[in-house]
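Below: the structure, in structure tokens.
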Amino acid sequence: MARECTEKSISLGQTEEEGAEHDSDSTSSSFSGSEYSDDLEPEWLDHIQKNGELFYLELSEGEEEAALAQATANQGGATNHVRFSEKEAEIFTEQNKKHRCGSQTKGAPTLKKLASILRRKQRPSQHRAGGGKDGSKDASTPASILKNQPGQSQGVRVRQLKEVCVYLNPKRLGGSSTPLSDGGGLLEALLGVVHRPTWSRGQGDPAAVRQKERLTVHGLIPNSPAIKCGQILIGDVLVAVADVDVTSENIERVLSCIPGPTQVRLTLESVAQVDDSSAQARKVKAAPPVSQLVRLLWGEDTVELQMSIGHIPHIVLYLSLKLDSASPQDEEEILYQYPLSEASSQLKGVRGIFLTLCDMLENVTGGRILSSSLLLGKHLVHVGYWKESSNLLVIGLPADIVPLLYLQTVVGDVVRTLKVMYGSLDSAFCTADHAPRLDHFFCLFFQQLIQPSRLRDVSSSPTPKVSGTLFLDGLPAVRWLTLPPEIKMEVNSVLSDFESSDFGEMSEDFLGLRRLYVILGSCLFYKPYLIANHLPKEDLLDVCLYCQHYCLLPLASEQRVGQLVIWREVFPQQRAQSNASALHCSQPQRRHFLLIVGLRHFMQCVLLEAGGCAAPALGSQGPDCVYVDQVKATLLQLEMLEAGIEERLNAPPAPCLSCADWFLPATTARDRLDSLASSSPVFSKLAGAVKGSSSTGSRGRSLFGEKARRSSPQRSLSDSGSEGQMDAGSGSGSSVAPGLSPHSTPESGRKLGGRRDSLGSGGSDGSGGSGGLFKIPRMKHPNPFYLGTLKKTLTEKETEEMYNTMKLTSGAENTLFHYVLMETVQGIFIAPTHREVAQLSGSIHPQLIRNFHHCCLSIRAAFQQSLPARGRRAADRPQPGGWGLGPVKEHGVLFQCKPENWTDQKKPAPTMTYWVIGRMLLEPVPQEFYVCFHDSVAEVPVEMAFRLSFGLAL
Amino acid sequence: MMMLQHGSTQLLCLTASSGVPLFTRGASKQLPFSVIGSLNGVHMFGGGQGVVLSCCETEGGGKVVWRVFQDSVMLIAVGGGGQCDVGGGKEEEVRLQRLLENVWSCMVLVLGQDELTNVRNVERLKRDLRSCFSLIDQLLEENQEGILGNLTHCADSLLPPNPTLLQEAVDGFAQAADSEFSCLTVHGRIAAATEKWWRLAPQEVVLLSALIRSLSASGSASCDYPVFLPQGSPTVAHRLLRFQLLPGADVCVLCGPTPSLHRAESGVVGSFWTPLVETLRDCLAVGERCLPGSVPLRPDVLALLLINRETRRSVSCVRTLANHPPGDPSLPSKSRCWKLLKLFYIFSTTRYFTQEETLCVSPEERAQRGNTEDFVLGLSHQPLQCYLVTEECKSYGLQTPQHQLFLLVPLSVPTFALRTVAIQTLSDIVAATGF
């Protein structure tokens, strides 16, 4: 059912048959089947720009997605598999025909069907093999095909009224590629509904032209609001617009009254099937509003959004340092500027400062200028600089948005993104026709920084705060989702299959042609998580910067991507350098292209190379349909894994996390997990926490406390464990009995032992036991580290429950709130998933996470400053920046928080203290590890780092 | 190619209205006049457009900080950066900001605010300003080990073994000299002072200590020096009488026209301080440890800085650890420890802990220094403690409502024990001395 809606929503081609059945007039419609019978044209084809770039984003319906997710969950993998494998087969045949022998008539029918499945467009499937479903008109979705829903079309039809909300933007009319068709007027141009009045069909009397006539939908214009909303079907009758009754006579007037971009409610009379009432009921619901982010990506509303932050001083300027003094024209040195608000004009006014400082300071201190701080009235503005050849990029941002500590990272990321997209800053800014695109680029940039919440759907997860996005986006890494091994293997093999470019009959080899592109590698995102990567690290970062900048990752998690196709030439930084060094090579210049295809929650980014082994690219190449379709096929193939991935996302967090609110007595037992509340030593510890090592009698403390560590730093776990009832080391094979298997493989033990830092104390020996930490969380083996099970107070059931969870911290209670682990070499990081965080709702916890991210900015800045120059600006830096404190390995901050709005005058507000600790490891693999945990247990963060990284087996 | 050497700092002083250079100090080679002019020019240009330029950073840690005082004097500090004994980024900026504040206060202390704000004759002002140079150079060089007051704006103190005796002597001495302001300095740190002395603005106490140190370094037995108090009386001069009691121990009194230096020296000093010579010797013996021997310090504390946030006093010391030979390469040298302690103080206070003055400075001053706070203000919870593990040592900072403690400990101490060490050190010192 769910699928059906989409099929309809994107459908164009119903016209032929459905039209014929419902409204015999439709045969003459310009949007009838004849025009679209060549179904091979992908819908994004019209959107390719002159330079070959493509940014095509089509939304599917949120509710449809939800329903689909539900359906997949219910159905399980089996049905999906069948469905998709069938599809897959079809895809190949289809594309063979399509691209290599497009003129062949014989293959066309199959082609058509497959194309329709690929694009999730409803096509009349006249030539289906079974032949039995020829008559089904509006139900030819993959799901329904397989389910064999007969007789649907024979269902009793009744007329129903439905209300549909569409987003209309009159401003888009001018820029729209759709020309104002002569007959259609605003109805076509604005709404995208094709209505052919009777007179034009030659049946009516020309005199009756202006007669009132019901507005039957005869066709829908591609990419129009009507088709995007997905609920206006051909054959429907438009009854009212915003509760104003409309007919052919007044529709143009009514529509012309819409002043600006707005959501309009349409009332339609539709033909419905009785047995389909549930679907109808769902359709009647108003479509969720299109999120601001999507509108921004579509290039709408930029002016409006920019206006709303006009009072906040921010600017980007690209200035020329070479001034031709002979022709002193006004503002001649400004090569590019954005935005044009009042606050930014003040900054523009002082560009002389930027130019002078840049020019002068290099001579004074011997280094290029990096930043300066200005005070505009009450606003403190930090200005970041980037000098390239004889031009200077200046970015000004308010201090409360981007602390000076992090300004350079932000500027560096923008510069790198621009370089990836355009090759160099000069080619980005100095090409005249780039201006509108750069405006859009920087609009996105500032919107994301200054008002990230406006870009998100109200309905979506809690709005990420600036410092959170700042920190995570600033990491030279991509968020990674650990998957169960079998899924991971599957994903990787599917990706590898694709990357082998073995497109069968579709491939250039088959036709004896030189390959168009060499696939350098690809990476796969599910929602905002990277789940597979076959790209070298630097390329991955380049791709990821692009995706981050265009908000593609949050977009994919917002569940509303129907189809996303992006194609553009890119200049991967690593390759650009090697390219430059091999200039004199006789080989034709290599060029690189980035292809991003998104379907629902999956998004695959493919890096292609032209030139070199493949055919040289000439001019501005647009996307090649074969490659796009191959990626789509891959994604469809991967969709069968969605259930598995979702299961991983829904799994209880491993390592398990605590919510900060549980540790505040103010919110006692009600919010708290009962099993934990009864036996919590934390409350008693809160009072005495400051006393440090004076053990307050907690079991975990006494086992792992300072004293024990000191006296025997090499103490093994079994020693300490044997103090309890259960000897963790003795349980060998009996994994069934809870509490007896340490699940410690010799290998893992050795590995951890080898990794142990000099700092590591006895506790880290024990981490060898938690080898299975990151394996499937359901596995019932005890974590020997989990000494909480020694508690006699626990009932057996509770104990069992606790075994199901993994825990990073030592001691009786799980005290871990949040973590981020970055693998520098692979360019990935892991952190609790959004869902895991969302589960730990509370008033303090989101605050805590925000604080954690903010603090991490500082910790990471300390790491960065103390490192010898490397990374993004390495080549430019003459010498390492001075950092008096020397290389920082570890840095921690202890915070105290109180509940907000503490009203009780008599008692002081309860407090909770927690650590935020960051650690940088260079050996054996460079890692950065940030963790946030409750103060009650003296943790050795390095151990946690090891335990966590152990789970990150790649 | 580079005009300023790495690691050196140059201070430029100009008149704010006309941009006439008044003096430049620091760095062996003076910046060319054109550069000085441009540095001043960009700030003035911004001022005309309603934009106040406050600081600037270059690669390699170079920094420029601008500040206009009382709309009359422009001070610009240029830090060369580049060397490892200079803090990077933010730390350097805070150091330079502090330097400018201190230099301005120092100019007021010596010349009075009137002469600086109503400049009638620039040439004469230039001449007069020369009298500040020794003090300014002292601020610029920052080579005095164990003196952190310029940075913390908390008076460097020494806790004498028998404080009550000295306190009584200082109180009595002040009374006899017709004053309420008197203090005893040992090794340039305040060992005892009258209550009124502590009530002076923290910055004044710090500057007076610096002045006493530079006067005492001249070697004279006594002197009479006119001073303006930058906050208390910027326009009316007082007299600072200083008497050397023993080498390294000086007593000072801040007074009006009477008594004369001679009368005070002959009549008052001897009667109060001669009986206390032995006590003073005990004080001198405390030396750079700043803490009496009775205070037990944990053996693994390399260096410490303890600030009392209420009285605005600080105690600091760097120790030679008994169980490590002095030449142990695994431990940072003594001067390096002082450097690290300073840097760690700035690091902690710019990022996590609040600096006290931010509470008492005027709003516009606050705005000028705002960029040092942009990070702290973004934190939603209150930081209490922080630590840093570097290649040389471990540093631990701790803040309570009353105290701030900064510790350096050797790498051999496990990280999880740092907190215990810090808490115990704090409670030991407070219990033993009531600091």
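Just so it is clear, none of the values below were taken in a lab; they were calculated from the coordinates. This one's a predicted model, so the numbers in the text were calculated from it and none came from an experiment. Every residue, glycine among them, receives a Cβ derived from its backbone with ideal geometry; neighbour counts consider all protein chains shown.
Taking the Cβ of A:Gly396 as the centre, find all other residues whose Cβ is under 12 Å away and add up their charges (Lys, Arg: +1; Asp, Glu: -1). Kindly include the intermediate steps, with their values, before the conclusion.
Working: positive: A:Lys348, A:Arg351; negative: none.
Overall, the nearby charge balance is +2.
Normalised by the empirical 2.2 N^0.38 Å for globular proteins, what value does the Cα Rg of segment B:231-342 take? Please report the intermediate quantities before stating the final value.
Working: Rg = 19.4 Å, N = 112, 2.2 N^0.38 = 13.2 Å.
Cα-based Rg divided by the globular estimate yields 1.47.
Within chain B, which DSSP H helices have Cα atoms that stretch 15 Å or more along the helix axis and a mean Kyte-Doolittle hydropathy of at least 0.0? Could the numbers behind the result be given before it?
Details: long enough: B:33-48 (22 Å, 0.87); B:89-111 (33 Å, 0.18); B:163-176 (20 Å, 0.24); B:202-217 (22 Å, 1.01); B:334-351 (26 Å, -0.11); B:415-433 (28 Å, 1.05).
Those that clear 15 Å and a mean of 0.0 are B:33-48, B:89-111, B:163-176, B:202-217, B:415-433.
Tell me, what is the percent relative contact order of chain B, built from C-alpha pairs under 8 Å that lie six or more residues apart?
Working: 719 pairs, mean separation 54.4, N = 435.
With pairs under 8 Å counted, the relative contact order is 13 percent.
Which entries in the list A:Lys889/B:Lys90; A:Lys322/A:Lys348; B:Lys29/B:Lys63; A:Lys907/B:Lys394 go over 26 Å, if you measure between the two C-alpha atoms of each? If you can, show how the numbers build up before the last one.
Numbers: A:Lys889/B:Lys90 19 Å; A:Lys322/A:Lys348 18 Å; B:Lys29/B:Lys63 17 Å; A:Lys907/B:Lys394 38 Å.
Going by Cα-Cα distance, A:Lys907/B:Lys394 fall outside the 26 Å limit.
Which three semi-axes in whole Å describe the equivalent ellipsoid of segment B:35-171, each the square root of 5 times a Cα gyration tensor eigenvalue, listed largest first?
Values: eigenvalues 200, 104, 33 Å².
Equivalent ellipsoid semi-axes, largest first: 32, 23, 13 Å.
At 1.567 mPa s and 4 °C, plugging the Kirkwood radius over alpha-carbon pairs of chain B into Stokes-Einstein gives what diffusion coefficient in µm²/s? Don't skip to the answer; put the middle values down first.
Values: Rh = 22.8 Å.
Answer, rounded: 57 µm²/s.
Report the label-to-label distance for B:Glu288 and A:Asn51 in nanometres (one decimal), using points 7 Å from each Cα along the Cα→Cβ vector.
With each label placed 7 Å out from Cα toward Cβ, I get 6.3 nm.
Given 0.36 nm per residue, what is the gain on full extension from A:Arg515 to A:Gln574 after removing their alpha carbon distance, in nm?
Values: separation 59, 0.36 × 59 = 21.24 nm, distance 2.33 nm.
Residue separation times 0.36 nm, minus the Cα-Cα distance, leaves 18.9 nm.
Could you rank the peptides B:401-414, B:284-297 by their average count of other C-beta atoms within 10 Å per residue, with the highest value first? Walk me through the intermediate numbers first.
On the way: B:401-414: 19.7, B:284-297: 16.5.
Packing order, densest peptide first, comes out as B:401-414, B:284-297.
If I histogram all Cα-Cα distances within segment A:369-458 using bins 5 Å wide from 0, what percent of pairs lands in each bin?
Reading the bins upward from 0: 3, 13, 21, 23, 20, 14, 6, 1, 0.
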